[in-house]
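Written below as C-alpha cells is the structure these notes are about.
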Amino acid sequence: MGPDYDRVLNSDVAPGIVSRQVAGLERFEVWRRLPEEETTEQEFLTAMRFTDLAAVGRFTGGDPRGSVVPPQARALLKRFDEHSRHYELRHRHC
C-alpha cells in the first residue's frame, strides 16, 4: 500500500469526494498511524464530519453505515472496513 495509497488518497480520492459538494459534509481529514506504532502494515483513517446522519446517507447513496471506497483505492488496499462507524461530539474542551 504505502506511498502509492497515500498519493491516490490525497491527490485523487479525497479531492474527488470534496468536489462532489455533498450537502452537510463539513470536513474530510486523512490520518495515518505513526510509523513507529505500525506493525506490519500501514494504517490510514479517513475522518469525515457531517452535519447529521441524513447527510451521511446522502454521501453514501442511502445506507449511512456503508463505506465509500472508490475503485482506485480498493485496487491498492489489502483490506478496509465494510461499514463506517459514527460518533457524536459530546464536548469540546479547547
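Observations, loosely collected:
- Of all residues assigned to the stretch 1-14, none qualifies as being out of contact with any strand residue (DSSP E or B) (no Cβ under 9 Å at 6 or more places or on another chain), among the hydroxyl-bearing types (Ser, Thr, Tyr), without any contact (Cβ under 8 Å) to a residue 40 or more places away in the chain and outside any helix (DSSP H, G or I).
- Yes/no for Ala23 being farther than 19 Å from Leu9 by Cβ, part of a helix (DSSP H, G or I), without any contact (Cβ under 8 Å) to a residue 40 or more places away in the chain and not β-branched (Val, Ile, Thr): no
- Test: residue in the stretch 38-49 that is without any contact (Cβ under 8 Å) to a residue 24 or more places away in the chain and part of a helix (DSSP H, G or I): no
- The residues of the stretch 1-18 that are among the hydroxyl-bearing types (Ser, Thr, Tyr) and surrounded by 15 or more Cβ atoms within 10 Å (Cβ to Cβ) amount to a single one, Tyr5.
- Scanning the stretch 43-70 for residues that are farther than 13 Å from Glu26 by Cβ and of a type in the set (Gly, Ala, Ser) yields Ala54, Gly57, Gly61, Gly62, Gly66, Ser67.
- Within the stretch 56-77, the set of residues being touching a residue at least 12 places away in the same chain (Cβ under 8 Å) and not in a loop (DSSP other than H, G, I, E, B) comprises Val56, Arg58, Phe59, Thr60, Gly66, Gln72, Ala73.
- Selection of the stretch 55-89 for residues being surrounded by fewer than 12 Cβ atoms within 10 Å (Cβ to Cβ) and either of a type outside the set (D, E, K, R) or more than 15 Å from the chain's Cα centre (by Cα) (or both) yields Gly61, Gly62, Asp63, Pro71, Ala75, Lys78, Phe80, His83, His86, Tyr87, Glu88, Leu89.
- Which numbered condition Asp63 fails, given (1) of a type outside the set (Val, Ile, Thr); (2) touching a strand residue (DSSP E or B) at 6+ places or on another chain (Cβ under 8 Å); (3) at pLDDT below 95: (2)
- Residue, farthest from Ser84 (Cα to Cα), within the stretch 19-48, restricted to residues that are surrounded by 13 or more Cβ atoms within 10 Å (Cβ to Cβ) and hydrophobic (A, V, I, L, M, F, W, C): Val22
The values are calculated or read from the model by the stated rules, or taken from the named source; none is laboratory data. Here the structure is a predicted model, which is why all the values come from computation and not from measurement. A quick note on method: Cβ atoms are made from the backbone with ideal geometry, for glycine too, and the neighbour counts reach across all protein chains shown.
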